[in-house]
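A.B. asks: Dumping the structure here so I can ask a few things about it.
The values are calculated or read from the model by the stated rules, or taken from the named source; none is laboratory data. These numbers were taken from a predicted model, which means no experiment stands behind them. Neighbour counts run over all protein chains shown; Cβ positions are idealised from the backbone, glycine included. When the accessible area is computed, the model is the full protein with side chains, heavy atoms only, and any ligands, DNA or RNA have been set aside. Shrake-Rupley method; radii C 1.70, N 1.55, O 1.52, S 1.80 Å.
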Amino acid sequence: MGIFDRFLPKKKQPEVKNTIPQEKANIKKTFGVYCNKHHSTKGEKLCPKCTALLATVMTKINRCPYGITKPICDRCERQCFGKAQNTEFMKIMTSSSKGMFLKHPMMTMKHKMASLSVDYAKREQEKRQAEKAAAKKKNAEAKAKAKEEGKKEK
Ligand SMILES: [Zn+2]
């Protein structure tokens, strides 16, 4: 605390929802369901392969460049687990979504809603970019036309 701190306006922190603990819990549960079903393991004890992949995923989430505003992993375009592990991760996340729904319906719903909102935000962003590009093109065309007409008048 500096001596001048009280003279400075208080900075208002933008509210960013930290969804990481939720997402980690979600991924862990999904792995559990998948491994129990496909690798005949029981409860939270996963097979070595799934344990290793889960550990990698958790480490990568901690190091995610998006920080706490990150999009959820199975929607993220950065394949930060590496190609092979990412494919495996996606396989687990998608193939057990039915089992997930039966065991944790609320969580699956929430996850689905989050996925949808990420998709929506992405679409909106693409739309805005397309509009911007179109406006820019129109502008350039108008300018070219004006130039053309200016030439005619001379
Ligand atoms: Zn397994």
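A.B. asks: Net charge near Q129, counting Lys/Arg +1 and Asp/Glu -1 over other residues with Cβ under 12 Å of its Cβ?
C.D. replies: Values: positive: K122, R123, K127, R128, K132, K136; negative: E124, E126, E131.
Summing Lys/Arg as +1 and Asp/Glu as -1 gives +3.
A.B. asks: Probe 1.4 Å, all protein chains in place: accessible area of S117 in Å², nearest 10?
C.D. replies: Rounded to the nearest 10, that gives 70 Å².
A.B. asks: Just the accessible area for K122, please: 1.4 Å probe, Å², rounded to the nearest 10?
C.D. replies: Accessible area of K122: about 70 Å².
A.B. asks: Might you work out the accessible area of T30 for me, using a 1.4 Å probe with all protein chains in place, and round it to the nearest 10 Å²?
C.D. replies: Accessible area of T30: about 0 Å².
A.B. asks: How far, in nm, would the chain grow between C47 and K122 when pulled straight, counting 0.36 nm per residue and subtracting the alpha carbon separation?
C.D. replies: Fully extending the segment from C47 to K122 adds 23.4 nm.
A.B. asks: When the chain is fully extended, how far beyond the present Cα-Cα distance does N18 get from E131, taking 0.36 nm per residue of separation?
C.D. replies: Values: separation 113, 0.36 × 113 = 40.68 nm, distance 3.14 nm.
Stretched fully, the N18-E131 segment lengthens by 37.5 nm.
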